[in-house]
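The values are calculated or read from the model by the stated rules, or taken from the named source; none is laboratory data. Given the structure is predicted, the values throughout are model-derived calculations rather than measurements. When we count neighbours, we look across all protein chains shown, and the Cβ atoms used for this are built from the backbone with ideal geometry, even at glycine.
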Amino acid sequence: MLLWFGFTLGQPRGVPAQYIPSHPPAPSPCQAHWSSTDHSSKMLVLVGLMLYLALADALTAFPPKFQVGELNGDVVVRCNTSVQQVTWMQNGEPDPMVELVTEGQNLTIIGLDLPATGNYSCWANTILLDSTYVVVSSTPLPGKEGINVSCQAESYHGSFRCSWTGPHSAVFHARLTRSDGSLGEWVPATGHHGQFSASFVDPSFCPFGEELHPLQLQLEGLSDTSYLNFSIHFFIRDIVRPDPPQKLTVQRQGEQLHLAWAPPASWLLPKSYFTLFYRLQYELPNGTQVDKDVEDAEETWLQVCTRRVRISCQDPYASHAWSPWSPWKDIDGAQQCQLQAH
């Protein structure tokens, strides 16, 4: 499933613009008068302020509050506080080069553009009251390639994992609309070098019932300047890919090999209801590889000299995706069998 979204990265801060307060601004934190004589308390507040300013531009997780505006539109940001007069900072700067209008607890960004995005914080002297991350709504551009979102479930337990790609500097979280229509919590995605993933559980999923309604997965992405919200729909049965079968054993009985195995440990039981088909791949002494399919059984016989063997499985009634192969299992006596053939 291909989905496209775009983020604009590395945009320079904008050209100077007028900062228009409708009321006289309170002193900025950098200009506050230190009345306390306690040096340690001064240093503690100063260190905290410096740490906040250092992290203002570092987007490492979804902020508690963010606001999305249209490009070139006006955006009103509200400071969630009972303090009537506050001062504002953008990305830790008390005098941002952005056209702003303040009125009490509200801040209006005039003509939102990329330089005007970022973290807006409101203060009472040196006390941080509230902060809101402001971004521009992102829209797909013609001709851009999409992002591959891949979801996979090991069985019918109602749990699965999704992965996708995105910009290195972006953060994501996702939320599942369950099979009963209820809405799950936002799940933060883990990311490394532009590869993101998250795991989900649908506690309302019934493995013995028919799936009548698809699940909906909503993903939100946030970069330094842009935001995207998109959704995908799917059934659990369409994303099931079993783990490899386990406990593969091989016993030589005369000129035959008896092979037996068990379903994956993660596969749901009973086996009579959650059927699996199996595929053996064995390698002859000359290197030729041969496939053999086995249905409704967990054992089979091979009547040829075999050097090694491995096995895979699939749910024949769902996505038809084969599991990964199990590790190769070497078979003793294959070399002697080859010598006898000559």
Next item on the list: Kindly provide the set of residues from the range 181-208 that are in contact (Cβ under 8 Å) with a residue 60 or more places away in the chain and either of a type in the set (Phe, Trp, Tyr) or under 29 Å from Phe274 (Cβ atoms) (or both), ordered by number.
Entry: Trp186, Pro207, Phe208
Checklist line | Set Phe230, Phe205: member being surrounded by 14 or more Cβ atoms within 10 Å (Cβ to Cβ), part of a loop (DSSP other than H, G, I, E, B) and not β-branched (Val, Ile, Thr) | finding: Phe205
Checklist line | Qualifying residues in the range 247-274 (those that are modelled with pLDDT of 95 or more and hydroxyl-bearing (Ser, Thr, Tyr)) - the one farthest from Glu299 (Cα to Cα) | finding: Ser266
Checklist line | Verdict on Thr288 being hydroxyl-bearing (Ser, Thr, Tyr) and more than 35 Å from the chain's Cα centre (by Cα) | finding: yes
Checklist line | Selection within the range 154-196 - under 11 Å from the mean Cα position of the chain (by Cα) and β-branched (Val, Ile, Thr) | finding: Thr165, Val171, Val187, Thr190
Notebook entry, point to check: Failed condition for Ala260, given (1) assigned to a strand (DSSP E or B); (2) touching a His at 6+ places or on another chain (Cβ under 9 Å); (3) aliphatic (A, V, I, L, M), with all others met?
Noted result: (2)
Next item on the list: Output the residues belonging to the range 286-306 that are modelled with pLDDT of 95 or more and of a type in the set (Asp, Glu).
Entry: Asp291, Asp293, Glu298, Glu299
Notebook entry, point to check: Looking at (1) assigned to a strand (DSSP E or B); (2) under 22 Å from Ala153 (Cα atoms); (3) out of contact with any Leu (no Cβ under 6 Å at 6 or more places or on another chain), can you tell me which one Leu269 breaks?
Noted result: (1)
Check: Which condition does Pro327 not pass, out of (1) over 21 Å from Glu154 (Cβ atoms); (2) modelled with pLDDT of 90 or more; (3) surrounded by fewer than 12 Cβ atoms within 10 Å (Cβ to Cβ), if it passes all the others?
Finding: (1)
Next item on the list: Search the range 278-336 for residues being among the acidic types (Asp, Glu) and part of a loop (DSSP other than H, G, I, E, B), and hand back the single one that is farthest from Ser266 (Cα to Cα).
Entry: Asp332
Item checked: Hits in the range 263-288 (condition: surrounded by 12 or more Cβ atoms within 10 Å (Cβ to Cβ) and farther than 16 Å from Pro324 by Cβ) -> Leu268, Lys271, Phe274, Thr275, Tyr282, Glu283, Leu284, Pro285
